[in-house]
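The values are calculated or read from the model by the stated rules, or taken from the named source; none is laboratory data. The structure displayed is predicted, hence computed values, not measured ones. Note that each Cβ is placed from the backbone with ideal geometry, even for glycine, and that neighbours are counted across all protein chains shown.
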Amino acid sequence: MSAINAALRPLFDLLLAPFRGMPAIVGVTLFSLIFGVVALWLVKLTSNPEKVDAAKRKVAAGLLEIRLFNDNLGIIFKAVGSILRHQAAYVGHLLVPFVLMVLLFLPLIAQLQFHWGYQGLQEGDSVLFKVVLQDDWQTRTGSDGADGVPRPSLELELPDGLSLASPPVWSPSEHEMAWQMRADAAGQHEVGVRLGDATHVKKIGVTDRVERLSPERLEAGFTNQLLFPAEPSLGADSAIEKIGLRYPERDVWFFFWRTHWIIVFLVLSILFALILRGPMGVTI
Amino acid sequence: MTGRNPIRTTRRATAALALCTLLLAPAGAAAADKRVVVLGFDGMDYTFARQMMAAGEMPNFERLIERGAAQPLGTSVPPLSPVAWSTFITGMDPSGHGIFDFIHRDPETLFPYLSTSEPEDVGRSVTLGKYQFALSGGGYRLLRQGTPFWEVLEERGVKTTVIRMPANFPVSGSASRELSGMGTPDILGGYGTFSFYSSDIFLEERSLAGGEVRPLDLWNGVAEGTLYGPDNPMLVKRTKLTSDFTLYVDDRQDVAKLVIGDTEQVLRAGEWTEWIDVEFEVMPPLFGFVPLMPNLTGMARFYLRQVRPEVELYASPINFDPYRGDLPISTPDEFAADLAEITGRFYTQGMPEDTQALKGNILTPAEFLEQAQIAGSEVEQQYLPVLERYDDGLLFYYFGNLDLVSHMMWHSMDDGHPAFTEEKWGAHRGVVKELYRTADRIVGQTLDAIDDDTTLIVMSDHGFASWRRTFSVNAWLRENGYLTVKNPDKKKLSILGDVDWSRTRAYGIGLNGLYINVRGREGKGIVHPTEKDALIEEIREKLLAEIDPVTGEPSITKVYATATDFDPGPYLAVGPDLVIGYAKGTRGESDSALGEINADVYTDNLTDWGADHGMDHETVPGVLFSNRPLKQQANSLKDLAGAILAEFEIDGFPVVAAGSQ
């Protein structure tokens, strides 16, 4: 997964570069169109249109049966059974393209979430920056906690454009060190987090443009990389579990409706698929 | 079919109305073109302002009155903010607008309540197990009566913007844009209740006036506390809504991480947060994740007072969020959110400066000033954007910071005040002057922004005086045989539960109010209505003869019988029978205002609330400054709205309801 993400990150940075200065809805609309077309193409490639059509007709026939014989309970029950059976068959005929879509689109949608799902920090913003350590961080770092409460020797290397607004708070029960950090200047900044000999880099975006923003950099793991692909994972033997901050969530305007981009994306993808199924000769 | 066609008749009537409107339009248009800006500085004292001006410390006020006017402005009786602003709004005295004090009482139960607004009862509800679902009601009702002057302007085509007008919650809805002010409650429904948390195990959990002291469970550097909201309206058996928070305290430095809901913030000791959402779960979600009811959400500012030796955290009263529109605080509904969009979220409670936290020794004077500075800045920061968006008509903008900070800081200029110590107050001698300089800066910004044709009026509702001596009216009534208690040996006595009403002829509620225990009006009244006037006269004479044993001076210089000295308005019955005008320097006891019966009639005022204006109204006039002589003279608050309307060539104010006078 790490290798796939390593390839997808620059690819999506490139694909979305033209939309950086535009409202997020522009990119969302275009990508919905592309996803709708690709979805139709997948259906066309991997499903049997005759069987899909037959199942649909059987469902329609069942509905008609209920309408025509609504005074006959026996026929209604039979019709409902037929509808459910053929509905299941319909889903079954489209299962392959559906699974393919999920496998293909999930990593792609995960990439898009980190472009459109968050707003960058603004100059002057203050944000909590935290580093969470593994449960066995003492073993991994060789810290013995001899001077009382165990406390890691975590240090931050801050670039120009970011500064600390508070000293760190160490929470032993959470294995977490937290700082209040201030965004002083715009840019894609890299903060160095040094623990012992190892230094990990965390990216922080101070920007009002649509750019890749990563709220968390996580320990290695398939799920972590699948769901949080915006930055490479921390090393497998790192004493750090995650490094993170909280970006404000971004909503997009869809006519008079302000909502999460993924909802607009799904609505538009379905809409485009419904419009284009005829011209593309796809049966769904 | 014979007779008139109703549709055609309606069309003809509409056409006739349109014609009338066109004919009348020129007069309306002339009024609409006029611009009048009114700045209301609550509590600005005429004498002090003139002294500051004479010393050259308020140059913009000098600039303002260069070609204009300056005069003391007579205040209301009693000179309390809700009364005074209601008088200004309606052009009537309390008998016309129904606000006689901060506190009124239910004559049947004598239970005190806030005078300007009240929560409406929830109507019908459906009960399902331990839950209940209200089908109607549950809002707030404005108790101030009468027609606000901006309504008259709007009816004549003049656009009005009325920002933070006191005694205007819920908002009237008749201005083009308005935001409610003093009288707007916090989430608990009162004027504001702070919470103070401490990990000190010996600190007693208790209620203070305007606040709660609560424990903070500290273990291994993790402190846990609970914020309390209002009663859960969904439960048949009322229980408080709660929201938990956690503080992670660093073991080496004076810093902690506050976690509440989704918000996490690192705070240094002595640091304030921005506004933080506080969510109360009204009903647990189905299966743990399907929401059934929206949570009740407010917002609070937190102040990490200290980390060592004990962790201490102050939480402001939980305010309604201007973005959410849960309360009728603005017209149009989205105006509060628009303001928040421009300058950030802000205190929506009417009196944000936390005087009670200082009075309760929760905040030091310096900490209180920091909090008041935050509250005052929010109001000031919103002013310029509002002024920039103001095109024509009336703009009224209220500043309450000067009043509430003066209450707590004025006596730092009074070395003879019984609560004054150089150690505590000496450093704050200049605070009140700074408030007046801030007002001067605001006037300067306004003068720079308006054109020569715009009338600028600067006014206040009352002045200020050092409050050295306290008079407890219920103790006086008891001492003079008008009020009898059931158990004289009991330490803390209140009219709610401790009074022998069969032998009590009068009682006090409110800062200046005195009521006769009238048969047929009060629940346990004994004074026959025919004896009431004679008793009023008897008490009035005795009160006016009162001499403070310490100062040797009269402690009361005016006593008004509302039935004869006030206008014969329709709401006389709401108020007290007598309104006491204390001599300058003396004020009614605060607890007595809520019905407490103190042991002593006279005491020194040793509280941090060291200055006031609830005295003889002639001793604490407000201010009236303008950049041009007003077309119509205004000697008192009662006349001022009429004078403002006269600037728009509109007369006929106040609007008196038919049959009311």
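Which members of region A:243-258 meet the condition of being more than 21 Å from A:Leu106 (Cβ to Cβ) and more than 14 Å from every other protein chain (Cβ to nearest Cβ)?
Once the filter is applied, which keeps residues that are more than 21 Å from A:Leu106 (Cβ to Cβ) and more than 14 Å from every other protein chain (Cβ to nearest Cβ), region A:243-258 yields A:Ile243, A:Trp253, A:Phe254, A:Phe255, A:Trp257.
Could you list, in sequence order, the residues of region B:487-514 that are surrounded by fewer than 22 Cβ atoms within 10 Å (Cβ to Cβ) and touching a residue at least 60 places away in the same chain (Cβ under 8 Å)?
B:Lys492, B:Ser494, B:Leu496, B:Asp498
Conditions (1) among the aliphatic types (A, V, I, L, M); (2) under 27 Å from A:Val37 (Cα atoms); (3) free of Cβ contacts under 8 Å to residues at least 60 places away in the same chain, marked per residue:
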position	(1), (2), (3)
A:Asp197	no, no, yes
A:Leu226	yes, yes, no
A:Ala239	yes, no, no
A:Ile243	yes, no, no
A:Trp253	no, yes, no
A:Trp257	no, yes, yes
A:Val264	yes, yes, no
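Among the residues of region B:430-456, what is the count of those that are surrounded by fewer than 19 Cβ atoms within 10 Å (Cβ to Cβ) and touching a Leu at 6+ places or on another chain (Cβ under 7 Å)?
The number of residues fulfilling the criteria is 4.
Since B:Asn60 meets every condition but one in (1) in contact with a helix residue (DSSP H, G or I) (Cβ under 9 Å, 6 or more places away or on another chain); (2) part of a helix (DSSP H, G or I); (3) free of Cβ contacts under 8 Å to residues at least 12 places away in the same chain, which condition does it not meet?
(3)
Which residue out of B:Ile526, B:Ile442 is modelled with pLDDT of 95 or more and under 28 Å from B:Arg50 (Cβ atoms)?
That would be B:Ile442, the only listed residue that is modelled with pLDDT of 95 or more and under 28 Å from B:Arg50 (Cβ atoms).
Where the second residue is acidic (Asp, Glu) and the first is assigned by TED's automatic domain parsing to the domain that holds A:Phe105 and lies in region A:12-33, which pairs have Cβ atoms under 7 Å and are six or more apart or on separate chains?
Partner pairs satisfying both residue conditions: A:Arg20/A:Glu211.
Could you tell me which of the residues B:Val485, B:Val518 is under 32 Å from the mean Cα position of the chain (by Cα) and either modelled with pLDDT under 95 or of a type in the set (Val, Ile, Thr) (or both)?
Only one candidate passes the filter, namely B:Val518.
From the list B:Asp231, B:Asp200, which residue is touching an Asp or Glu at 6+ places or on another chain (Cβ under 7 Å) and either among the charged types (D, E, K, R) or more than 25 Å from B:Val249 (Cβ to Cβ) (or both)?
Every option except B:Asp200 fails the conditions.
Hey, can you tell me all the residues within region B:252-261 that are at the interface with chain A (Cβ under 8 Å from one of its Cβ atoms) and either surrounded by fewer than 16 Cβ atoms within 10 Å (Cβ to Cβ) or among the small types (Gly, Ala, Ser) (or both)?
If the condition is that a residue be at the interface with chain A (Cβ under 8 Å from one of its Cβ atoms) and either surrounded by fewer than 16 Cβ atoms within 10 Å (Cβ to Cβ) or among the small types (Gly, Ala, Ser) (or both), then B:Arg252, B:Ala256 are the ones that fit.
Which residue, of B:Ala599, B:Ala646, is without any contact (Cβ under 8 Å) to a residue 24 or more places away in the chain, among the aliphatic types (A, V, I, L, M) and surrounded by fewer than 23 Cβ atoms within 10 Å (Cβ to Cβ)?
Of B:Ala599, B:Ala646, the one residue that is without any contact (Cβ under 8 Å) to a residue 24 or more places away in the chain, among the aliphatic types (A, V, I, L, M) and surrounded by fewer than 23 Cβ atoms within 10 Å (Cβ to Cβ) is B:Ala646.
Six or more apart or on different chains, Cβ atoms under 9 Å: show the pairs whose first residue is in region A:44-69 and in contact (Cβ under 8 Å) with a residue 12 or more places away in the chain and whose second is among the basic types (Lys, Arg).
Hits for this filter: A:Lys58/A:Arg85; A:Gly62/A:Lys78; A:Gly62/A:Arg85; A:Glu65/A:Lys78.
Could you grab me the full set of residues in region B:314-327 that are buried (at least 22 other Cβ atoms within 10 Å of the Cβ), without any contact (Cβ under 8 Å) to a residue 40 or more places away in the chain and out of contact with any helix residue (DSSP H, G or I) (no Cβ under 8 Å at 6 or more places or on another chain)?
Across region B:314-327, there are no qualifying residues.
Determine, yes or no, whether A:Glu176 is acidic (Asp, Glu), buried (at least 17 other Cβ atoms within 10 Å of the Cβ), touching a strand residue (DSSP E or B) at 6+ places or on another chain (Cβ under 7 Å) and within 14 Å of chain B (Cβ to nearest Cβ).
Criteria met by A:Glu176.
Any residue in region A:88-97 that is assigned to a loop (DSSP other than H, G, I, E, B), loosely packed, with under 15 Cβ neighbours inside 10 Å, more than 14 Å from chain B (Cβ to nearest Cβ) and not hydrophobic (A, V, I, L, M, F, W, C)?
For region A:88-97, residues assigned to a loop (DSSP other than H, G, I, E, B), loosely packed, with under 15 Cβ neighbours inside 10 Å, more than 14 Å from chain B (Cβ to nearest Cβ) and not hydrophobic (A, V, I, L, M, F, W, C): absent.
Restricting to region B:214-227, name every residue that is more than 14 Å from every other protein chain (Cβ to nearest Cβ) and buried (at least 18 other Cβ atoms within 10 Å of the Cβ).
Scanning region B:214-227 gives B:Arg214, B:Leu216, B:Gly225, B:Leu227.
Looking at (1) surrounded by fewer than 19 Cβ atoms within 10 Å (Cβ to Cβ); (2) of a type in the set (Ser, Thr, Tyr); (3) within 28 Å of A:Leu274 (Cβ to Cβ), find the lone condition where A:Ser2 falls short.
Here A:Ser2 clears every test but (3).
Looking at region B:232-251 only, could you name the residues that are β-branched (Val, Ile, Thr), in contact (Cβ under 8 Å) with a residue 60 or more places away in the chain and more than 8 Å from every other protein chain (Cβ to nearest Cβ)?
Answer for region B:232-251, where residues must be β-branched (Val, Ile, Thr), in contact (Cβ under 8 Å) with a residue 60 or more places away in the chain and more than 8 Å from every other protein chain (Cβ to nearest Cβ): just B:Val236.
With region B:117-184 as the region, which strands (runs of 3 or more DSSP E) entirely inside it contain at least 2 residues that are touching a residue at least 60 places away in the same chain (Cβ under 8 Å) and closer than 14 Å to B:Phe335 by Cβ?
Fully inside region B:117-184 and qualifying: B:160-165, B:177-180.
Yes/no per residue for (1) aliphatic (A, V, I, L, M); (2) within 34 Å of the chain's Cα centre (by Cα):
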residue	(1), (2)
A:Lys56	no, yes
A:Phe77	no, no
A:Ser82	no, no
A:Val102	yes, yes
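Testing B:Ala69 on (1) surrounded by fewer than 24 Cβ atoms within 10 Å (Cβ to Cβ); (2) among the aliphatic types (A, V, I, L, M); (3) touching a Phe, Trp or Tyr at 6+ places or on another chain (Cβ under 6 Å), one condition comes back false. Which one is that?
All conditions pass for B:Ala69, except number (3).
Only one of these is buried (at least 17 other Cβ atoms within 10 Å of the Cβ), within 14 Å of chain B (Cβ to nearest Cβ) and of a type in the set (S, T, N, Q): A:Ser171, A:Ser153, A:Ser163. Name it.
A:Ser171
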